[in-house]
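The values are calculated or read from the model by the stated rules, or taken from the named source; none is laboratory data. Computed from a predicted structure; not experimentally measured. Backbone-built Cβ (ideal geometry, glycine too); neighbour counts: all protein chains shown. Note: accessible area is taken over every heavy atom of the protein model, side chains too, but ligands, DNA and RNA are not part of it. Shrake-Rupley method; radii C 1.70, N 1.55, O 1.52, S 1.80 Å.
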Amino acid sequence: MAGGLVNDKTSHDPETLEAAARRELLEETGYHAEHLSLLVGGPVSSGLSSEIISFYQALDVSKKVPRRGDATESIRVHEVPP
């Protein structure tokens, strides 16, 4: 499962939720999705935070590049056969 923030860097502004999901999927796993489907979105902690979490399903994925991440991330990709 890849995850990250929307518009967390000025180079990403302005960024849609779907664009951020695509970017994080590619950065953290090396996979590209032909289609993304928004499954659900909502508050993480109602009343305590304004943060919203959104879950996307990646469909028709293919490996495009090796996993990259960035210097602040320690990511290990586990590929599971379908």
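Taking first residues from the range 15-44 that are more than 13 Å from residue 58 (Cα to Cα) and partners that are assigned to a helix (DSSP H, G or I) and open to solvent by less than 80 Å² (accessible area, probe 1.4 Å), the Cβ contacts under 9 Å between residues at least 6 apart in sequence or on separate chains come to 15/23.
Just checking, does the range 52-72 include any residue being assigned to a strand (DSSP E or B), among the aliphatic types (A, V, I, L, M), open to solvent by 80 Å² or more (accessible area, probe 1.4 Å) and out of contact with any Ser or Thr (no Cβ under 8 Å at 6 or more places or on another chain)? Don't jump to the end; show me each part of the working.
The first filter runs over the range 52-72 and keeps only residues assigned to a strand (DSSP E or B), leaving 52-63.
Okay, now just the ones that are also among the aliphatic types (A, V, I, L, M), so 52-53, 58-59, 61.
Narrowing the set further to residues that are open to solvent by 80 Å² or more (accessible area, probe 1.4 Å) leaves 52.
From what is left, the residues that are out of contact with any Ser or Thr (no Cβ under 8 Å at 6 or more places or on another chain) are 52.
Looking through the range 52-72, at least one residue is assigned to a strand (DSSP E or B), among the aliphatic types (A, V, I, L, M), open to solvent by 80 Å² or more (accessible area, probe 1.4 Å) and out of contact with any Ser or Thr (no Cβ under 8 Å at 6 or more places or on another chain).
Out of all the residues in the range 19-29, is one or more open to solvent by 90 Å² or more (accessible area, probe 1.4 Å) and either of a type outside the set (S, T, N, Q) or outside any loop (DSSP other than H, G, I, E, B) (or both)?
Step one: of the range 19-29, the residues open to solvent by 90 Å² or more (accessible area, probe 1.4 Å) are none.
So far as the range 19-29 goes, no, none of its residues is open to solvent by 90 Å² or more (accessible area, probe 1.4 Å) and either of a type outside the set (S, T, N, Q) or outside any loop (DSSP other than H, G, I, E, B) (or both).
Taking the conditions (1) closer than 25 Å to residue 71 by Cα; (2) open to solvent by less than 60 Å² (accessible area, probe 1.4 Å); (3) not in a strand (DSSP E or B) in turn, residue 49 satisfies each one other than (1).
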